[in-house]
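**Student:** Below are the structure tokens for one structure; questions will follow.
The values are calculated or read from the model by the stated rules, or taken from the named source; none is laboratory data. This one's a predicted model, so the numbers in the text were calculated from it and none came from an experiment. Ideal geometry is used to build each Cβ from the backbone, glycine not excepted, and the neighbour counts take in all protein chains shown.
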Amino acid sequence: MTLAREERAALVETLRSVGPDAPTLCAGWTTRDLTAHLVVRERRPDTGPGILLEQFAGHTEKVRLEATDLPWETLVEQLASGPPIYSPFRLVDRWANLAEMFVHHEDVLRGAAAPDSDWTPRTLSTELQNALLTPAKSMGKMTLKNSPASTTLQTVDGRQVVTAGSGDPVTVTGSPGELVMFAFGRAPVDVRFDGADDAVSALVAAKRGL
């Protein structure tokens, strides 16, 4: 089983545990909304452009809202079964869905936590942590390129993952999983900031994510 499938299975287990009405880190979305998003993303290729392009977002949201009317267990089963044979994600699941499943799993696990609260991450395998370095780097390049600080993501053992943005330097140190969460703009997140206070404050306040 790939790491993406393992994380999908863990997400499904958590969803079944908390039910359809639990909060998530995705603003305004319950677990039902989030699960509908994941199902539509894989099963309705026509909604793909609307995830990134505003002019198509209305169609994507319409289809997602329709999916929320499905019975909860149906939604969860569709997510558990993975991309159908016609889905573009079928052949690239292990690469395209690792960060997607990880981040949205954490969205559910952290859904009730205050953004500025201390957070103790779950224990991840060394294999999963190492695999998350790739999305930490790719997402960091994208989401921090307009950062008000020259931001370096660094692992706790000193490996520099990516540097992006401009301004005074700030180093963000954490495990690969937490660096992924930071790059996606999620909070709470267990990272340490090193840099001038003004630069750190500006970085934390800046919008990140897609």
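The rows are residues; the columns are (1) β-branched (Val, Ile, Thr); (2) in contact (Cβ under 8 Å) with a residue 40 or more places away in the chain; (3) outside any helix (DSSP H, G or I); (4) on the phi > 0 side of the Ramachandran plot.
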residue	(1), (2), (3), (4)
13	no, no, no, no
32	no, yes, no, no
39	yes, yes, no, no
55	no, no, no, no
88	no, yes, yes, no
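**Student:** Quick check: is even one residue across the range 56-68 touching a Ser or Thr at 6+ places or on another chain (Cβ under 6 Å), surrounded by 15 or more Cβ atoms within 10 Å (Cβ to Cβ) and not assigned by TED's automatic domain parsing to the domain that holds residue 30? Show your work before the answer.
**Tutor:** So in the range 56-68, the residues touching a Ser or Thr at 6+ places or on another chain (Cβ under 6 Å) come out as 60, 63.
Next, from what is left, pick out any that are surrounded by 15 or more Cβ atoms within 10 Å (Cβ to Cβ): 60, 63.
Narrowing further to those that are not assigned by TED's automatic domain parsing to the domain that holds residue 30: none.
No, the range 56-68 contains no residue that is touching a Ser or Thr at 6+ places or on another chain (Cβ under 6 Å), surrounded by 15 or more Cβ atoms within 10 Å (Cβ to Cβ) and not assigned by TED's automatic domain parsing to the domain that holds residue 30.
**Student:** Kindly indicate whether residue 63 is part of a helix (DSSP H, G or I), within 25 Å of residue 138 (Cα to Cα) and either free of Cβ contacts under 8 Å to residues at least 24 places away in the same chain or touching a helix residue (DSSP H, G or I) at 6+ places or on another chain (Cβ under 8 Å) (or both). Please lay out each step first, then the result.
**Tutor:** Values: part of a helix (DSSP H, G or I): yes; within 25 Å of residue 138 (Cα to Cα): no; either free of Cβ contacts under 8 Å to residues at least 24 places away in the same chain or touching a helix residue (DSSP H, G or I) at 6+ places or on another chain (Cβ under 8 Å) (or both): yes.
No, not satisfied.
**Student:** If you don't mind, another one. Does residue 142 fit the bill of being crowded, with 18+ Cβ neighbours inside 10 Å and not in a loop (DSSP other than H, G, I, E, B)? Step through it out loud before you land on a result.
**Tutor:** On the way: crowded, with 18+ Cβ neighbours inside 10 Å: no; not in a loop (DSSP other than H, G, I, E, B): yes.
It is false that residue 142 is crowded, with 18+ Cβ neighbours inside 10 Å and not in a loop (DSSP other than H, G, I, E, B).
**Student:** Also, quick follow-up: Hey, can you tell me all the residues within the range 152-210 that are part of a strand (DSSP E or B) and not β-branched (Val, Ile, Thr)?
**Tutor:** Start the filter on the range 152-210 by keeping residues that are part of a strand (DSSP E or B), which leaves 152-154, 160-164, 169-173, 192-195.
Listed by number, the residues that qualify are 153, 154, 160, 164, 169, 192, 193, 194, 195.
**Student:** Same structure again: Within the range 102-126, restricting attention to residues that are over 12 Å from residue 177 (Cβ atoms) and in a helix (DSSP H, G or I), which residue is farthest from the chain's Cα centre (by Cα)?
**Tutor:** Once the filter is applied, the top-ranked residue is 108.
**Student:** Please go through the range 15-30 and pick out each residue that is buried (at least 22 other Cβ atoms within 10 Å of the Cβ) and assigned to a loop (DSSP other than H, G, I, E, B).
**Tutor:** Selection gives 24, 25.
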